[in-house]
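Participant: Here you go, one structure.
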Amino acid sequence: MIEKLPHGWVVTTFSAITDYVQRGIGPKYAEENEFPVVNQKSIRWHGIEEEHLKYVREDQWDKYTEERFIRAGDILWNSTGTGTIGRACLLNDKEAAKAKVVDSHVTIVRANQLIEPRYLFYWIKSPEIQLSIESLYTGTTNQVELSKSKVLETQIPLAPLNEQILIANKLDSMLAKVDVAQARLEKIPALLKRFRKAVLAAATSGELTWEWRGDQIHNWPIVSLKEVATGFNYGSSAKSQAEGEVPVLRMGNLQGGKLDWTDLVYTSDKSEIEKYLLEPGDVLFNRTNSPELVGKTSIFRGERKSIYAGYLIRIKGSKHLDNEYLNLQLNSPHARDYCWKVKTDGVSQSNINAKKIQAYEFELPPIQEQREIVRRVESLFTLADVVEKQYLEAKKRIDRLTQSLLAKAFRGELVPQDPNDEPAAELLQRIQASREQQIANNPVRKVIARKTSARVKSSTQQNKTKAMQLKDAPENYLFDLLIQLGGEAYAEVLWKKSALTIDDFYAKLKREMQTNSIKDNISPDPALRILKIVSP
């Protein structure tokens with residue numbers, strides 16, 4: 001939180017500036033229909049992704065009261081999941097029309113009409129919230145959740161209303177430009193992938209060295225790999241360890257024709273090291289992997305003493321086949337197409353055995369031309385690597401820019417302050433006055449407001465006892481507890497808050513529903529029965 005607030009700002013909580021904060025219901029689902037429900041998978045920062053929406057079974061529709069229907073201006077805050085908790089989106093008219101309600105993994109945060117909803121949404125996106133999201137949720141490491149109480153307690157530096165709008169407008173404009181820049185940047189990896197693929201295709205088809213040959217059409221013989229290469233040895237099947245004498249290269253270490261020396265495992269078994277020790281120039285072929293990745297190949301250049309694992313095949317060149325060219329050839333589009341055709345598919349993995357890779361046929365350039373091809377490919381790939389490095393650096397800067405702009409906005413540094421603006425403290429007073437007026441105009445809220453703190457305290461104290469006899473329960477016991485829960489709660493929640501047995505609870509509830517303004521949704525599923533205080 002900001003140590004020194006700008007002029008006219010005040011620190012408050014979500015409870016003071018929201019009209020509705022509520023987690024969704026976990027419904028039973030059906031095929032596509034007229035009642036789409038937003039789930040955590042469908043939420044992205046930019047809005048709702050329709051392809052991930054689910055649909056509520058028709059016999060469940062009556063469980064949803066009107067205030068549970070999402071509307072423009074609502075913020076949907078993902079409330080569960082170690083990887084997705086905290087993600088949110090702000091609904092505009094178009095987004096709100098895509099769905100009706102949210103499921104139990106999502107919280108609706110609805111700002112008061114005197115608060116700019118975009119301002120509240122950008123605060124949720126800000127590093128102040130996102131970097132401290134773990135302090136907001138409860139639960140275990142396997143199942144965490146952002147509870148309603150935590151949302152309501154969340155603090156926010158509140159600017160005057162006019163400044164809220166200016167900040168939101170400025171962020172809309174600037175972050176839209178950031179999004180455009182990000183979209184353009186995100187095209188670069190695909191462009192680089194196509195470039196490298198085109199270079200390999202040109203290299204292995206003779207096009208890359210056309211002028212080197214004096215503009216002569218190449219006349220390369222077609223050979224099988226077993227005719228010009230040796231080895232074809234499977235790697236070690238022994239279990240590796242987290243620590244040891246030498247690394248054991250696995251399929252995950254083969255990346256883009258090179259070896260990735262992160263995420264290593266090791267062995268200290270002398271016999272395994274002697275049998276599977278790699279030599280500079282050895283080419284490693286991935287014989288088992290997913291259908292898209294089986295057959296990927298990298299070359300060992302003697303970086304460090306290593307052996308290779310059983311899912312890899314070691315292939316060596318010869319006087320007719322340069323090792324570096326072999327690596328390029330097995331990564332070429334021609335080789336990838338061959339691997340796709342000859343792979344044997346299993347349940348989740350595909351396999352290409354040594355005999356199939358031995359049978360791979362390709363055009364073989366003269367050894368001198370192979371080396372020229374390797375030189376030219378390395379030169380072009382070096383340029384691509386430079387572009388890729390620049391892309392990664394730019395992406396980091398763009399990613400940081402969004403967080404920097406949000407942080408700057410809530411320090412009061414993004415737009416100028418106007419001393420004539422109504423201070424945020426007075427804005428909060430107007431919100432409170434509006435709520436009090438609503439209470440005065442609403443019979444049910446008027447009843448709730450008249451309940452004394454002593455009566456609530458009495459009910460709470462009784463609730464702390466281990467059990468309560470039905471005959472000892474105060475006249476409006478459940479009504480008072482429901483008031484504490486905000487006037488609406490699942491029947492199971494209200495029962496757990498009471499000190500009654502389950503049978504006494506429902507007997508007491510039946511009596512109070514006849515004398516108090518408590519209604520339910522008459523759900524066929526007891527676990528989803530909702531109790532609510534309504535106008536008489």
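The values are calculated or read from the model by the stated rules, or taken from the named source; none is laboratory data. Worth saying up front: this structure is predicted, and the values here are computed from it rather than measured. Every residue, glycine as well, gets a Cβ built from its backbone with ideal geometry; the counts of neighbours run over all protein chains shown.
Participant: Return yes when PRO280 is in a loop (DSSP other than H, G, I, E, B) and in contact with a Phe, Trp or Tyr (Cβ under 8 Å, 6 or more places away or on another chain) and no when it is not.
Facilitator: yes
Participant: Right, next: Please state which of the following conditions GLY214 fails to meet, knowing it meets all the rest: (1) touching a residue at least 24 places away in the same chain (Cβ under 8 Å); (2) farther than 24 Å from TYR338 by Cβ; (3) over 36 Å from the mean Cα position of the chain (by Cα).
Facilitator: For GLY214, the failing item is (1).
Participant: Of the conditions (1) part of a strand (DSSP E or B); (2) at pLDDT below 95; (3) of a type in the set (Gly, Ala, Ser), GLY214 fails just one. Which one is it?
Facilitator: Of (1) part of a strand (DSSP E or B); (2) at pLDDT below 95; (3) of a type in the set (Gly, Ala, Ser), only one is false for GLY214: (1).
Participant: I would also like to ask the following. Checking ARG250 against (1) touching an Asp or Glu at 6+ places or on another chain (Cβ under 7 Å); (2) in contact (Cβ under 8 Å) with a residue 12 or more places away in the chain; (3) closer than 23 Å to ARG336 by Cα, only one condition comes out false. Which one?
Facilitator: (1)
Participant: Let me ask something else about it. Would you be able to say whether some residue in segment 391-406 is at pLDDT below 90, over 30 Å from HIS334 (Cβ atoms) and assigned to a helix (DSSP H, G or I)?
Facilitator: Yes, segment 391-406 contains a residue that is at pLDDT below 90, over 30 Å from HIS334 (Cβ atoms) and assigned to a helix (DSSP H, G or I).
Participant: Which residues, taken from segment 48-103, are closer than 14 Å to PHE35 by Cα and among the polar types (S, T, N, Q)?
Facilitator: GLN60, THR65
Participant: Could you grab the pairs with beta carbons closer than 8 Å, sequence gap of 6+ or different chains, first residue in segment 494-508 and among the acidic types (Asp, Glu), second one assigned to a helix (DSSP H, G or I)?
Facilitator: Matching pairs, first to second residue: ASP504/LEU470.
Participant: Go through segment 94-128 and count every residue that is closer than 19 Å to LYS170 by Cβ, outside any loop (DSSP other than H, G, I, E, B) and of a type in the set (A, V, I, L, M, F, W, C).
Facilitator: 5
Participant: Separate question: Does LEU185 satisfy the condition of being free of Cβ contacts under 8 Å to residues at least 40 places away in the same chain and surrounded by fewer than 17 Cβ atoms within 10 Å (Cβ to Cβ)?
Facilitator: When the stated conditions are applied, LEU185 does not pass them.
Participant: Would you pick out the residues in segment 262-286 that are over 15 Å from ASN233 (Cβ atoms) and surrounded by 13 or more Cβ atoms within 10 Å (Cβ to Cβ)?
Facilitator: Listed by number, the residues that qualify are LEU264, VAL265, TYR266, THR267, ASP269.
Participant: Shifting gears a bit: Test ILE373 against the criterion of being surrounded by 13 or more Cβ atoms within 10 Å (Cβ to Cβ), modelled with pLDDT under 95, β-branched (Val, Ile, Thr) and within 28 Å of PHE195 (Cβ to Cβ), and give yes or no.
Facilitator: In short, no.
Participant: Also, I was wondering about something else. If I filter segment 253-272 down to residues being free of Cβ contacts under 8 Å to residues at least 40 places away in the same chain and part of a helix (DSSP H, G or I), which single residue comes out as nearest to the chain's Cα centre (by Cα)?
Facilitator: Out of the qualifying residues, it is GLU272.
Participant: Does LEU264 satisfy the condition of being within 24 Å of GLU378 (Cα to Cα) and not aromatic (Phe, Trp, Tyr)?
Facilitator: no
Participant: Name the single residue that is surrounded by the most Cβ atoms within 10 Å (Cβ to Cβ) among those in segment 311-328 being hydrophobic (A, V, I, L, M, F, W, C) and touching a Phe, Trp or Tyr at 6+ places or on another chain (Cβ under 7 Å).
Facilitator: Selected residue: LEU312.
Participant: For segment 76-129, give me each residue that is β-branched (Val, Ile, Thr), surrounded by 22 or more Cβ atoms within 10 Å (Cβ to Cβ) and under 17 Å from the mean Cα position of the chain (by Cα).
Facilitator: Within segment 76-129, VAL106, THR107, ILE124 meet the criteria.
Participant: Yes or no: GLN417 over 24 Å from ILE188 (Cα atoms), in contact (Cβ under 8 Å) with a residue 60 or more places away in the chain and of a type in the set (S, T, N, Q)?
Facilitator: Yes; evaluated as a whole, the condition is true for this residue.
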